[in-house]
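Contents: one structure, followed by commentary.
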Amino acid sequence: MNYNKKSIEDIEVAGKRVLCRCDFNVPTKDGKITSDKRIVAAMPTIEYLVKKGAKVILCSHMGKPKGEWKPELSLKIVADRLSQLLGKEVIMASDVVGEDAKAKAAALKEGDVMLLENTRYMKGETKNDPELSKELASMADIFVNDAFGAAHRAHASTAGAADYLPAVSGYLVQKEVSIMGKALANPERPFVAILGGAKVSDKLNVINNLLEKVDTLIIGGGMAYTFLAAQGYTVGKSLVDNEKLDYCKEMMAKAKAKGVNMLLPVDTAVAASFPNPIDAEIPVEYVDCTAIPSDQMGLDIGPKACEAFAAAAKAAKTVVWNGPMGVFENPTLAKGTIAVAQALADSDAVTIVGGGDSAAACEQLGFASQITHISTGGGASLEFLEGLELPGIACLQDK
Ligand code: ADP
Ligand code: MG
């Protein structure tokens, strides 16, 4: 995959109609936006286009209306928030590629901003239907993709429209691609990856791909217990994916053959059962991973593992982290995740966090501002780490 893509700065946008795909898939409750983080993240690109005198046509999906016109998934609330942030009117279209959208797009003046309705109101969106792509493209002269969170999808508005228009990245996509692309293609070493989260099976290909690139691979979180079980340890009631034991053995052998230092937790927090509710106060004990009692389950890495993982992270020049070290939603079981987040925050390395829950953990725990880059796309960043080609990026013009 070529990560060196043209951006909005490499194309003349003044006076041009620019179809700009953003990720406005914001969380809502009772018709109100509960976090406008994604809208804020799109502002640099929108402000640049406005300043340059482009005629800006924004589009995005929200939720999963599956081709149905669900009023609760209208982007109108996003247009209102955008207006506030931009300090100017954002013209809301009442359809996606219908008469209203087309008339409003045709009437735009330089520096005007409009927003199309939810692209997933159209059945053709998720099918990457060329007819819909063409209709979207017909309203504009240039396509800009700034929706990193949807870049792993080949949809009409994320990739299809690029078949009919010159296509470049917005600032957000450019930032994601340049930081993560550099880390994967040409990292400053030592390069350390830290993987966690619930299951090995979620991240099989990520583990496999990262073993080709890193100097050290740290495995914590729920996925560590399958690796420990594969080494022959008893892990009690911990989360184990019995079908992946051979895979874990293969990965450990691959690490050895490649000279990659693979670190598993030496100790763990254990409890008799999974906390219910998840943030309930529960009694935990710390044991070595060679001695997990048969009636206990591992729910966080232990203090020795925290120290070892933090030391490895601190010695690195590049760190990629995906997946919490334990059930961080519970304060008692968040210690491992905090230790890793703290180590990244204290490090001078390029630090990159991908994965929805890991990003949320960094933010909740207050470390976000000290991390080089927190990816805005959970699924997209995971596919990036897998070494896959992301359709929303592959479709952009090479530099
Ligand atoms: P991300 O979204 O960052 O990629 P995942 O979705 O893969 O991360 O995993 C996050 C989930 O993993 C969290 O809900 C967390 O509670 C869970 N988890 C972490 N460690 C364990 C464990 N030891 N046992 C069970 N679940 C765990
Ligand atoms: Mg997750």
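The values are calculated or read from the model by the stated rules, or taken from the named source; none is laboratory data. Note that this is a predicted model, so its numbers are computed, not measured. Note that we place each Cβ from the backbone using ideal geometry, even for glycine, and neighbour counts take in every protein chain shown. Just so you know, the surface numbers come from the protein's heavy atoms only, side chains and all, with ligands and any DNA or RNA stripped out. Shrake-Rupley method; radii C 1.70, N 1.55, O 1.52, S 1.80 Å.
Give the carbon-plus-sulfur fraction of the accessible surface of the range 254-399 in %, rounded to a whole number; probe 1.4 Å, heavy atoms of protein chains only.
Summing carbon and sulfur atoms, their accessible area is 52 percent of the total for the range 254-399.
If you take the square roots of the eigenvalues of the alpha-carbon gyration tensor of the range 144-203 and sort them as a ≥ b ≥ c, do you get rounded (a/c under 1.5), prolate (a/b over b/c) or oblate? Oblate, since a/c reaches 1.5 and b/c is not below a/b. 3J(HN,Hα) along the range 182-197, derived from phi through the Karplus expression 6.51 cos²θ - 1.76 cosθ + 1.60 where θ = phi - 60°, amounts to 5, 4, 7, 8, 8, x, 6, 9, x, 9, 10, 10, 10, 10, x, x Hz, with x in place of Gly and Pro. Averaged per residue, the chain has 41 square angstrom of accessible surface, using a 1.4 angstrom probe with ligands and nucleic acids left out.
The share of accessible area on the range 8-171 that comes from carbon and sulfur is 49 percent, using a 1.4 angstrom probe.
Rounded to the nearest 500, the 222 nm mean residue ellipticity of the chain from helices alone is -9500 deg cm²/dmol, with -39,500 (n - 2.57) taken per DSSP H run of at least 4 residues. Model label points for residue 84 and residue 205, set 7 angstrom from Cα along the Cα-to-Cβ axis, are 3.9 nm apart.
Distances between placed amide hydrogens fall under 5 Å for residue 115 paired with 58, 91, 92, 93, all partners being 5 or more residues away or on another chain. Once a ≥ b ≥ c are taken as the square roots of the eigenvalues of the Cα gyration tensor of the chain, is the result rounded (a/c under 1.5), prolate (a/b larger than b/c) or oblate (a/b not larger than b/c)? Prolate. Please state the shape class of the range 8-171: rounded when a/c is under 1.5, otherwise prolate if a/b exceeds b/c and oblate if not, all from the C-alpha gyration tensor. It comes out rounded by the Cα gyration axes. Charge tally for residue 311 (other residues, Cβ to Cβ under 15 Å; Lys, Arg +1; Asp, Glu -1): -2.
Debye-formula intensities of the range 99-257, expressed as log10 I(q)/I(0) at q = 0.12, 0.21 Å⁻¹, are -0.73, -1.25 (one equal scatterer per alpha-carbon, no solvent). Remark: for residue pairs 76/123; 16/109; 199/314; 70/123; 6/175; 37/127, the C-alpha separation exceeds 18 Å in 76/123; 199/314; 37/127. Taking K and R as +1 and D and E as -1, what net charge do the other residues with C-beta under 10 Å from the C-beta of residue 380 add up to? Local charge sum for residue 380: -2.
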